[in-house]
Amino acid sequence: FYVLTNARALGVREAVALSEELGANLRRASASAGRRVLVLSRSDSTLRGHFPQEVEALTRGLGLEPDGILLVPFFAEGGRYTVGDVHYVREGSLLVPVGRTEFARDPAFGFRHSHLGLWVEEKSGGRWRAQEVVSVPLELGRGRGPEGVAEVLERVEGGVPVVVNAASERDLEVVALGVCRAEEAGKRFIYRTAASFAKVRAGIADRGLLGPEELL
């Protein structure tokens, strides 16, 4: 299920309070229902938002100590791709590093870096250095499949950010299977993703637009 908060419209202090409250509510609901909750923080795919503050507030509310924070900004419908740890935006026939686009000049959530390791370092104020950020390379998933992805994720610890490279939805499917394997081995993650990964991780199939009869 989805919980819509529009936290990007809030200041950082209000967004943190809201995210922590949401995490705590989900933890109580999970305990009451006897079911484990998997939480994805569905952010804007152009990297704008309160990061890492929202994700960390969610983890506190959930009482979760994640091994890693998976960053998955790929969003095919919007022309957003991550290759070589660099996030790109499709503009016409070109792929432009996101740091050179109008999105990076957002007055509230602006940033300088297109390389996601450097972006993490920038947004976290240096708490995580770029070289500490783990990468799931595109060629790993395409070459070794879910097993290769799982091997990388099973070594992640300490809540470090993990950059997921993807240029197609098929790449996300491979990563999602690798994540499932790592979680079955005992790893725990929280996610900061665009819409594409949320759909794939939840196993939601594509469908056409709603017809008039479905809107009644």
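The values are calculated or read from the model by the stated rules, or taken from the named source; none is laboratory data. As the structure is a prediction and not an experimental result, all values here were calculated from the model. Please note: Cβ atoms are built from the backbone with ideal geometry, for glycine as well, and neighbour counts cover all protein chains shown. We work out accessible area using only protein heavy atoms, side chains counted, and drop any ligands, DNA or RNA first. Shrake-Rupley method; radii C 1.70, N 1.55, O 1.52, S 1.80 Å.
Taking all protein chains into account, the per residue accessible area for segment 1-114 stands at 55 Å² (1.4 Å probe). With Cα atoms as the point set, segment 15-89 shows a radius of gyration and Dmax of 14.4, 43 Å. For a modelled paramagnetic label at GLU151, 7 Å from Cα along Cα-to-Cβ, the residues of segment 172-188 in reach, with backbone nitrogen under 15 Å, are 178-179, 182.
Note that the chain carries a Kirkwood radius of 17.8 Å, evaluated over its alpha carbons pair by pair. Taking a span of 20 Å or more along the helix axis (Cα atoms) and a mean Kyte-Doolittle hydropathy of at least -0.5 as the rule, the DSSP H helices of the chain that qualify are 12-33, 169-184. Of the solvent-accessible surface of the chain, computed with a 1.4 Å probe over protein heavy atoms with every protein chain present, carbon and sulfur atoms account for 51 percent. Extending 7 Å from the Cα toward the beta-carbon at both GLU21 and SER124 defines two label points whose distance is 2.8 nm.
Across the chain, the longest piece that holds none of the chymotrypsin sites (Phe, Trp or Tyr not before Pro) lying in DSSP loops with up to 11 other C-beta atoms within 10 Å covers 3-216. Take every pair of alpha-carbon atoms less than 8 Å apart whose residues are at least six positions apart; their mean separation over the length of the chain yields a relative contact order of 26 percent.
If the segment from ALA9 to ARG90 were pulled out straight at 0.36 nm per residue, it would be longer than the present Cα-Cα gap by 26.6 nm.
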